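These notes are about the structure you will find just below.
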Amino acid sequence: MTQKIGLALLVLLLASCAHHRDVRAGADGVHRVVVNTDDDEEGTRDAIAQANHFCEERKKSAAFINEDKKYTGSMKEDDYKKMKTAGKVAGAVGSAAYVFGGKNESAVGGLVGLGGLAANTAAGKGYTVEMKFKCQ
């Protein structure tokens with residue numbers, strides 16, 4: 001149990017060091033952040049947060065120049081969305097059955113949950129959000 005807690009703390013520590021991992025500084029003062037994500041709205045919020053953090057470290061504020069969101073997945077966008085939704089539903093249902101079910105239900109729930117995780121992983125990150133900004 002102590003190892004699990006230590007691992008969780010290590011993951012949190014590493015994640016906290018990566019506040020602007022996707023920002024690329026520009027020589028001309030125009031910087032860009034490119035985020036690959038499952039959801040374009042979530043990616044937009046992440047890109048804004050990273051740009052803000054990048055500029056805050058320089059004691060400035062981010063001024064956004066442009067934003068580009070696009071689907072970049074390898075399958076049709078509708079199929080991608082359906083696969084992501086099915087993966088999330090299977091993961092949630094499988095997890096619930098695993099936790100709250102009896103011995104047989106737990107085994108089946110674990111398999112369904114793993115199937116959902118596999119579908120979600122196979123679909124990948126289908127959206128790319130790119131923003132250009134200056135620190136002012």
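If a residue has to be surrounded by 14 or more Cβ atoms within 10 Å (Cβ to Cβ) and in a strand (DSSP E or B) to count, how many in region 53-63 make the cut? Final tally of qualifying residues: 1.
Yes/no per residue for (1) in contact with a helix residue (DSSP H, G or I) (Cβ under 7 Å, 6 or more places away or on another chain); (2) in the same structural domain as ARG21 (by TED's automatic domain parsing); (3) in a loop (DSSP other than H, G, I, E, B); (4) modelled with pLDDT of 60 or more:
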position	(1), (2), (3), (4)
THR44	no, yes, no, yes
GLN50	no, yes, no, yes
ASN66	no, yes, no, yes
LYS84	yes, no, no, yes
ALA92	no, no, no, yes
ALA118	no, no, no, no
GLU130	no, no, no, yes
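Annotation: of all residues in region 10-26 being of a type outside the set (Lys, Arg) and modelled with pLDDT of 90 or more, the one that is farthest from the chain's Cα centre (by Cα) is GLY26.
Identify, from the list LYS76, LYS60, LYS70, the residue that is in contact with a strand residue (DSSP E or B) (Cβ under 7 Å, 6 or more places away or on another chain), without any contact (Cβ under 8 Å) to a residue 60 or more places away in the chain, over 10 Å from MET131 (Cβ atoms) and basic (Lys, Arg).
LYS70
The values are calculated or read from the model by the stated rules, or taken from the named source; none is laboratory data. These figures come from a predicted structure and were not determined experimentally. Because the Cβ atoms are built from the backbone with ideal geometry, glycine has one as well, and the counts that use them run over all protein chains shown.
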